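Beneath this line is the structure, given in structure tokens, with notes to follow.
The values are calculated or read from the model by the stated rules, or taken from the named source; none is laboratory data. From a predicted model like this one, the values you see are computed outputs, not experimental measurements. Every residue, glycine among them, receives a Cβ derived from its backbone with ideal geometry; neighbour counts consider all protein chains shown.
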Amino acid sequence: MAEKESKAKQKRQFVRYAAYRVDPAWRRLQQEERDASRKEFLAALEESSATMMIRTYSCLGTRGDCDFLLWTVSHRLEAFLELQARLLKTGLGKYLTIPHSYLGMTKRSVYVDRHIHEGQEGVRLSVKPGEARYLFVYPFVKTRDWYRLTRSARQGMMDEHITVGHRYPTVKLNTTYSFGLDDQEFIVAFESDLPADFLDLVMELRETEASRYTSRDTPILTGIAVSAAEMLDLLG
């Protein structure tokens, strides 16, 4: 009973990754109008950052369908509504669309109890981003056959999966859960300063038994960490 009460008191977080595309018409505006719209957008981000975590990334050169990415975290679902409303009211907001948006929550993993180590994702209920230069985000959906397997069968395959991950200490994993909240079941977000290590990790994970039960894991978003001001300056 005490353990259940302790878990109930632990506050879980909502997490959203939103990729934005800027209408090219914005770049054809007069310089003064673009500068004013950037200032409005930065002010909106600053206002929301007082009550939620906001990380900013540029997708220029890594995606053809979006220009920047916001990684946001809050204990309140309404915080995402408030942020989005503020952004849309700015001059730049009038020129934005959102090609990709992934919403999830933190949750204690049922597979990592035997693999606990310092900083292990899955054993905490809060997101603690590092300072890595690159972020790789994608939605993840398992086949229905995965959920028909026994718990021990799934645990065995996940043990292999986790063991592979531990061979790449330069890659940090953040997993959130979307069951019923969004189209995917999980959101996996990897932080690393070494894209080659991330690529090699994903290639090796494809060879694991658990990979047979992957239904979908795209679209993948690759972002480069920048300040909010730099993110907007890069737009033109």
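Run down THR222, THR175, THR214 and say which single residue is touching a residue at least 40 places away in the same chain (Cβ under 8 Å), closer than 25 Å to SER101 by Cβ and more than 13 Å from the chain's Cα centre (by Cα).
Of THR222, THR175, THR214, the one residue that is touching a residue at least 40 places away in the same chain (Cβ under 8 Å), closer than 25 Å to SER101 by Cβ and more than 13 Å from the chain's Cα centre (by Cα) is THR214.
Please enumerate the residues belonging to the stretch 155-190 that are of a type in the set (Val, Ile, Thr), touching a Phe, Trp or Tyr at 6+ places or on another chain (Cβ under 6 Å) and assigned to a helix (DSSP H, G or I).
Result: no residue meets the conditions.
Please name all residue pairs, on different chains or six or more residues apart, with Cβ atoms under 6 Å, provided the first residue is in the stretch 191-205 and is under 16 Å from THR175 (Cα atoms) and in contact (Cβ under 8 Å) with a residue 60 or more places away in the chain and the second residue is surrounded by 14 or more Cβ atoms within 10 Å (Cβ to Cβ) and among the basic types (Lys, Arg).
Qualifying pairs under 6 Å: GLU191/LYS172.
Can you find even one residue in the stretch 48-67 that is more than 30 Å from GLN155 (Cβ to Cβ), free of Cβ contacts under 8 Å to residues at least 24 places away in the same chain and surrounded by 14 or more Cβ atoms within 10 Å (Cβ to Cβ)?
Yes; the residues of the stretch 48-67 include at least one that is more than 30 Å from GLN155 (Cβ to Cβ), free of Cβ contacts under 8 Å to residues at least 24 places away in the same chain and surrounded by 14 or more Cβ atoms within 10 Å (Cβ to Cβ).
Within the stretch 86-116, track down each residue that is touching a Gly at 6+ places or on another chain (Cβ under 9 Å) and farther than 23 Å from PHE186 by Cα.
ARG86, LEU87, listed by residue number.
Quick one: count up the residues across the stretch 205-219 that are of a type in the set (D, E, K, R) and part of a loop (DSSP other than H, G, I, E, B).
Number satisfying all stated conditions: 3.
So, in the stretch 68-93, how many residues would count as being part of a loop (DSSP other than H, G, I, E, B) and closer than 18 Å to LYS39 by Cβ?
Number of matching residues: 3.
Restricting to the stretch 191-204, name every residue that is within 19 Å of the chain's Cα centre (by Cα) and in a helix (DSSP H, G or I).
Residues satisfying the conditions are PRO195, ASP197, PHE198, LEU199, LEU201, VAL202.
Among the residues of the stretch 90-114 satisfying the criterion of being of a type outside the set (D, E, K, R) and modelled with pLDDT under 95, which is surrounded by the fewest Cβ atoms within 10 Å (Cβ to Cβ)?
For the stretch 90-114, the residue satisfying everything is VAL110.
Mind listing just one residue for me: the one in the stretch 143-198 that is surrounded by fewer than 17 Cβ atoms within 10 Å (Cβ to Cβ) and hydroxyl-bearing (Ser, Thr, Tyr) and, of those, nearest to THR214 (Cα to Cα)?
Going through the qualifying residues, I end up with THR143.
Yes or no: the stretch 18-27 includes at least one residue that is of a type outside the set (Val, Ile, Thr), under 20 Å from PHE186 (Cβ atoms) and touching a strand residue (DSSP E or B) at 6+ places or on another chain (Cβ under 9 Å).
Checking the stretch 18-27: at least one residue is of a type outside the set (Val, Ile, Thr), under 20 Å from PHE186 (Cβ atoms) and touching a strand residue (DSSP E or B) at 6+ places or on another chain (Cβ under 9 Å).
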